[in-house]
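Reading through the structure tokens given below for one structure.
The values are calculated or read from the model by the stated rules, or taken from the named source; none is laboratory data. On a predicted model such as this, the values are computed, not experimentally measured, just so you know. Glycine gets a Cβ as well: all are built from the backbone with ideal geometry, and neighbour counts include every protein chain shown. Note: accessible area is taken over every heavy atom of the protein model, side chains too, but ligands, DNA and RNA are not part of it. Shrake-Rupley method; radii C 1.70, N 1.55, O 1.52, S 1.80 Å.
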Amino acid sequence: MQVLEGIKVIDFSKWLPGQFCGMTLGDFGADVIKVEDVKGDVTRGFTPERMPGMSYWHLMLNRNKRGITVNLKTPAGREVLLRLLKDADIFLEGFRPGYLKMLGLDYETVSKINPRLIYCSISGFGQEGKYRHMPSHDLNVIGLAGVAAQEDGTDISVPSVQVAALGSSLNAVSGILLALYARERTGKGQAVNIDLYSTAINTEITGISSVIGCKETGMPSFGRTASHYYSVYRTKDGRWLSIGTIEPKFWQKMCELINLPELQSRQFDFAHSAEIKQKLADAFAQKTQAEWLELIGRDEFCVTPIRTLREALDSDLTTEQSDMLLTKKEDFGEYTYVKTAVKLSDTAGQINRRAPYLGEHTQEVLLGLGYTTEEIAAMREKGEI
């Protein structure tokens, strides 16, 4: 048995935050019904495609879901969704605030026909306020939230990980599970509102504490740009090492390794951080990444290589230690999945179902809602599903 067996999720999301959330709930046994319009999610066509309409993105993020198509621009299509929601436990949506209200599918309306429903909305900037309708993607959000810039604004990065989007996915999972637990006590569902901007700000909690502290104490900023003991350094061959020597004992061992013992007492000398950083950069540039790793050997003091994603996937840390990849035979051939990172001893997450072809389970789901075969055929003919 899986922990979420018997929980019915209507996943009406189109992009990464909602798709990842629905995937996670499905991994732990929820019956996730993915609702798409008749043309399908845009992400089905993302490059690279495993086959037309089945991108690698879609296959990864929409596993463990059944898929149906519904045309919400028609009354019959909206009726299908309402029937689905009448006995659902969770509704997951990622539209701009107000859109579903125009269709009579907002929380206030739907909760009247199903008071136990947990209605989770994921948006860019929340359901209220003057920014609620602003279009955005992860990069826009982290730029506005200060995630992409160093403190002084002189260095900007485009992260390869969609921090706000994936963080919002995990916040949505947490919010949904909290609401499910609350429902066990009260018998009532509730609205769960997640927005990418709040998530981005929340992920900066340690940096924000430093900014506030430095402002109130008058101490100069010593965050990401100034922490010589918590940074990255280029090696002789153009590769990189990450240095996370926060603990003094680790800092001192590293200084011994690079033959700079005079820096051992200067770990927190932020007034001369630029000078110390340059000394470290010059030292690490004297050897290749492999040479440094050979010198480090089995010692442990938070000096590690920076790998490319392909190198990380090939490493034993990924394939053996964390056991994060699973290759399965599907009806179209083999496919490698990234497994859930949440590991439960008794009710583990599983990958039991590949992502659906467009509308693959429409007939099955609608028959379960009480529609007849003839009604389904007529609706399909009219473009309502």
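The table below gives the values:
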| item | result |
| --- | --- |
| Kyte-Doolittle at least 0.0, axis length at least 30 Å by Cα - qualifying DSSP helices, the chain | 163-186 |
| Around Leu326: net Lys/Arg minus Asp/Glu count, Cβ-Cβ under 14 Å | +2 |
| Within-11-Å neighbourhood charge of Leu317 [Cβ basis; K, R +1; D, E -1] | -4 |
| Rounded to the nearest 10 Å², the accessible area of Tyr56 at probe 1.4 Å | 90 Å² |
| Along principal axes, Cα extents of the stretch 94-178, largest first, whole Å | 53, 28, 18 |
| Rg followed by Dmax, in Å, when the chain is reduced to its Cα trace | 25.1, 83 |
| Carbon + sulfur, % of accessible area of the chain - ligands and nucleic acids excluded, 1.4 Å | 54 percent |
| Taking the C-alpha atoms of the stretch 1-131, convex hull volume expressed per residue in Å³ | 113 Å³ |
| Förster radius 25 Å - calculated FRET efficiency between Glu5 and Lys86, Cβ distance, rounded to 0.05 | 0.80 |
| At 1.002 mPa s and 20 °C, Stokes D of the stretch 264-316 from Kirkwood alpha-carbon radius, µm² per second | 160 µm²/s |
| Net lengthening on full extension, Lys343/Leu293 (0.36 nm per residue, minus Cα-Cα) | 14.9 nm |
| Hits among aspartates and glutamates - C-alpha to C-alpha of Lys215 under 15 Å, sequence gap 8 or more where chains match | Glu151, Asp152 |
| Heavy-atom accessible area per residue - the stretch 68-136, 1.4 Å, Å² | 48 Å² |
| Separation between Cα centres of the stretch 261-314 and the stretch 81-99, rounded to whole Å | 50 Å |
| Lys/Arg +1, Asp/Glu -1 at C-beta; the chain dipole; positive extreme among Pro356, Ala377, Trp15 | Ala377 |
| Pair Leu139, Asn259: separation of 7 Å Cα→Cβ label points (nm) | 4.3 nm |
| Stretchable slack from Asp155 to Cys302, in nm (0.36 nm times residue separation minus alpha-carbon distance) | 50.5 nm |
| Residue-level accessible surface for Cys255, protein heavy atoms, 1.4 Å, Å² | 0 Å² |
| Accessible area expressed per residue, the stretch 242-385, with surrounding protein chains retained (probe 1.4 Å, Å²) | 62 Å² |
| Estimated D of the stretch 193-345 in µm² per second, where Rh is the Kirkwood radius over Cα pairs and Stokes-Einstein applies at 20 °C, 1.002 mPa s | 115 µm²/s |
| Pairwise centroid distance, computed over Cα atoms, of the stretch 321-338 with the stretch 18-47, Å | 18 Å |
| Convex hull projection area averaged over all views, the stretch 63-221, Cα basis, nm² | 12.5 nm² |
| Fluctuation leader among Asp27, Asp237, Asp11 - the chain, Gaussian network, Cα springs under 10 angstrom | Asp237 |
| Heavy-atom SASA rank of Arg185, Arg66, Arg307 (probe 1.4 Å, accessible area, largest first) | Arg185, Arg307, Arg66 |
| Over 27 Å between alpha carbons, listed pairs Lys39/Lys130; Lys14/Lys382; Lys34/Lys101; Lys130/Lys382; Lys253/Lys279; Lys14/Lys130 | Lys39/Lys130; Lys130/Lys382 |
